[in-house]
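Working notes, beginning with the structure itself.
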Amino acid sequence: MNKTRSLVLLFGLVSLVPLHAQNSLAPLVVTAERVATPLSDTPYSATSLDADYIGENTRRTLPDALQYTPGVLVQKTGYGQGSPIIRGFTGRQNLLLMDGVRINNSTYRGGPVQYWSTVDPLAIDHLELIKSQGSVLYGSDAVGGTLNAFGKSARFRDESAERTYVGGAASYEYRSNGQGSNIGRLETETGVGGKFGILLGVSAKDFGDISDNAVGRMVNTGYPEQDLDLRFDYAVSPDSTLTLASYYVNQDNVSRWHRTLNNPGWTDGDHFAGKGSYNYDNFNQGHSLTYLRYAGKDPQANAAIKSWSATLSFQNVKDGENLDANNNKVDQIQSLSTGVQTLGFDLTLESDAGPGSFVYGCDFYHDDVNSSGWSNNIAGTSYTEKLPVADDSTYDMLGIFTQYTWKPTAALEIIGGARYTYVDAKLGRFYGYNAATGTTTLVRDQSFNWDALVGSLRMLYHIDTNWSVYGGVSQAFRAPNLNDLSGDVTSLADTKSRGSVDAKPEKFITYELGARRESASFSSGASVFYTDVTDAISSVKDGTRSITTNAGQGYVYGAEVEGAWRITPQWLLSGYVAWMDARTQAPDTLGGPAINKPNTRQMPLTGSLALRWTTESKKYWVEGRVLAADTEDRITAADQAADFQRIPTNGTPGYIVASLHAGWQVNEHLGLNCGLENLTDSNYRNHGSGQNEPGFNAIMGARVTW
């Protein structure tokens, strides 16, 4: 057994639950059941992370905030293109919500996607991750996990009634690695206690190029970002609130570095990742979300509707790619652009019924998609239209759901639910590929629809005041989106990939069993899961290109153990260990024999251990952490060769990385923090990522409040 694997297993012995050095009291979570529920009373593997955790651990992006979460591998195609792999699933098989509004849209690609990085972590109040939740409550895509990011608010109901208040904060952070990074945020709030509150936040970020001691400076990994968030809350009554919120994120020239000549390759022992060949491959990414919500509760004991939430939302996503493939072919230079406007409506109601309660409602999302692009040769004489997805298209998704929580005894809770979903896709114009002739033909006005009925049955049993067990079975599905049906993209190192109008919905069933123990000084938990995959959409060779088809059957299973021990009021030890395995049976070529092989993007055996010391006054704190991952070599030679710039020969090497963070609350208005990451300056990368992680990195930050 190698050194890294031994250390990871050691973490498992000393870590037996998701405190992450936070308060030992279980917070309320909304995502698990669409109504506020103590995290300890949810029959799922769930994690809640607050703004303090994100700030104290200097998490740079939203995906980075999940780095120390069991069962999650944070893959980074580029420095600004992070995508969490949750229980073996990534991209469009995980669901991202912002304040409960669905962020996933119909253009998401099959592999890791960059869109999770277009949520500003500095605007987040807290995160809720529910793993293996299934599709009953939130619909298509909720396979590996559902992450709900909740934005900050003015908290006007916490202020003294009728009192006008004004407050705010300014923060700055400097990261030394590479060319250095400068991150700043200014937020201000005002309102009248009990009546209304307004919060305005602005973030500006200038990320410099990162470096490590093996590759050196990774040129053009840096990029600028500008963010804006605004929220207005108004008390319609003492028990109901009208909310208007808006979020905006813009990123420019985010490089897919591994494909470019700036990537010289990477060697670590007998592991070698290939160098890039493109002259450039840059993304411009923008996302805005605005929603209006009316939510409240009826305090009367026999109210027909106990609580409600109605949300109308609008989103605008702009995604552009410019590349020079440096291949002396007609498609050497490309400029691609996709714009998606999404109108959404969500209604959630809760009503008591017998010895339990119903949560029920509906949601509807409508995408308007515009796509444009062209490819050319270096001389500019072979202009060809190229559409990343079907242009002038629409995609509608309607869902109706219900879930009943039955409490036959004080200790036992049984939750059963079902959802019906109808999906309608109308493709305006796209280029279909004919493998027999090797040509493309412009196709117009194609329509497709699917429907699905899924269910979930979960149970939670409190053995005593400290111990509880939970488990159940959850169905999930993912309807084919516009990328599955009509996508024309370059994937992996340089593989031409096209969608297929023959794609059908993917189906999943997850079985899970877990246990928790919670007390004043010790908290622990463990879970095992198994996901069965049917009709998985995968890419198979069809001539010189890869074609999307429902050719895959497979499974994912694994185990997670985590825990925290408050040794004394000042000392807290926490950690976790997680392992999983996944295989898919699918052909390499269209019509060929099915091949049983490991999934290409699996999380290796991974563990983390953290020790935190806090003074009695809470004025100072110091936390040291070690993160370790085993070598990930469960990949076929053919799959590695197709993605050789990201996945080295013989797999991705294991690593052991140490960090140290500290903070000082100088007074009630000034807080200082610092971090020393990758203390040993190790060169390493997360499996499937397009670049190494930064080497030694000193981080300094300050926050002023008023």
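Just so it is clear, none of the values below were taken in a lab; they were calculated from the coordinates. These numbers were taken from a predicted model, which means no experiment stands behind them. Don't worry about glycine lacking a Cβ; one is built from the backbone with ideal geometry, like all the others, and counts go over all protein chains shown.
If the only charges are +1 at each Lys and Arg Cβ and -1 at each Asp and Glu Cβ, what is the size of the charge dipole of region 231-360 around the Cα centre, to the nearest 20 debye? Let's see the in-between values first.
Values: 9 positive and 14 negative charges, 34 e Å.
The dipole magnitude comes to about 160 debye.
If I take every Cα pair under 8 Å that is 6 or more residues apart in region 586-668, average their sequence separation and divide by the length, what percent do I get for the relative contact order? Don't skip to the end; give the middle numbers.
Details: 124 pairs, mean separation 24.5, N = 83.
That works out to 30 percent.
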Filtered hits (aspartates and glutamates, Cα-Cα < 16 Å from Lys195, offset >= 8 within chain) -> Asp158, Glu159, Glu162, Asp233, Asp239
Among Ala610, Asn650, Gln691, the residue whose Cα sits farthest towards the positive end of the charge dipole of region 605-693, when +1 is placed on the Cβ of each Lys and Arg and -1 on the Cβ of each Asp and Glu, is Ala610
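Please report Glu506, Glu385 as a ranked list, fewest other C-beta atoms within 10 angstrom at the top and most at the bottom.
Glu385, Glu506
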Taking every DSSP beta bridge that has both residues in region 3-705, what percent is antiparallel when rounded to the nearest 5? 100
What is the magnitude of the charge dipole of region 483-632 about its Cα centre, with +1 placed on the Cβ of each Lys and Arg, -1 on the Cβ of each Asp and Glu, and no other charges, expressed in debye to the nearest 20? 400
Quick note on Ser523, Ser171, ordering by fewest other C-beta atoms within 10 Å, gives Ser171, Ser523
10 Å beta-carbon shell around Asp535, net charge (K/R +1, D/E -1): +2
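Mind scanning Lys426/Lys504; Lys496/Lys541; Lys152/Lys318; Lys541/Lys597 and naming the pairs with a C-alpha gap bigger than 18 Å? Present the calculation step by step, with values, prior to reporting the outcome.
Values: Lys426/Lys504 15 Å; Lys496/Lys541 10 Å; Lys152/Lys318 24 Å; Lys541/Lys597 16 Å.
As for pairs spanning more than 18 Å Cα to Cα, those are Lys152/Lys318.
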Gyration tensor (Cα only) of region 339-387 to equivalent ellipsoid, semi-axes in Å sorted down, yields 52, 9, 5
Which aspartates and glutamates, on any chain, are close to Lys275 with Cα under 15 Å apart, when same-chain ones fewer than 8 places away are left out? Asp494, Asp643
Go through (i) 160; (ii) 145; (iii) 185 and flag the label whose value is the computed volume of the Cα convex hull per residue in Å³ for this structure. (ii)
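Using the 2.2 N^0.38 Å rule of thumb for compact globular proteins, work out how region 129-205 stacks up: its C-alpha Rg over that value, please. Before the final figure, lay out the partial values.
Working: Rg = 18.7 Å, N = 77, 2.2 N^0.38 = 11.5 Å.
Normalised Cα radius of gyration, region 129-205: 1.63.
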Under a Cβ-only charge scheme (Lys and Arg +1, Asp and Glu -1), can you give me the dipole magnitude of the chain about the Cα centre, in debye to the nearest 20? 680
Taking the Cα centre of the chain as the origin and placing charges on Cβ (Lys, Arg +1; Asp, Glu -1), which of Gln315, Ala418, Asn250 is farthest toward the positive end of the dipole? Ala418
Most exposed first by the Cβ proxy, i.e. fewest other Cβ within 10 Å, how do Leu49, Leu672 rank? Leu672, Leu49
Farthest towards the positive end of the dipole of region 3-705, among Ser181, Ala641, Tyr620 and with Cβ unit charges of +1 on Lys and Arg and -1 on Asp and Glu, lies the Cα of Ala641
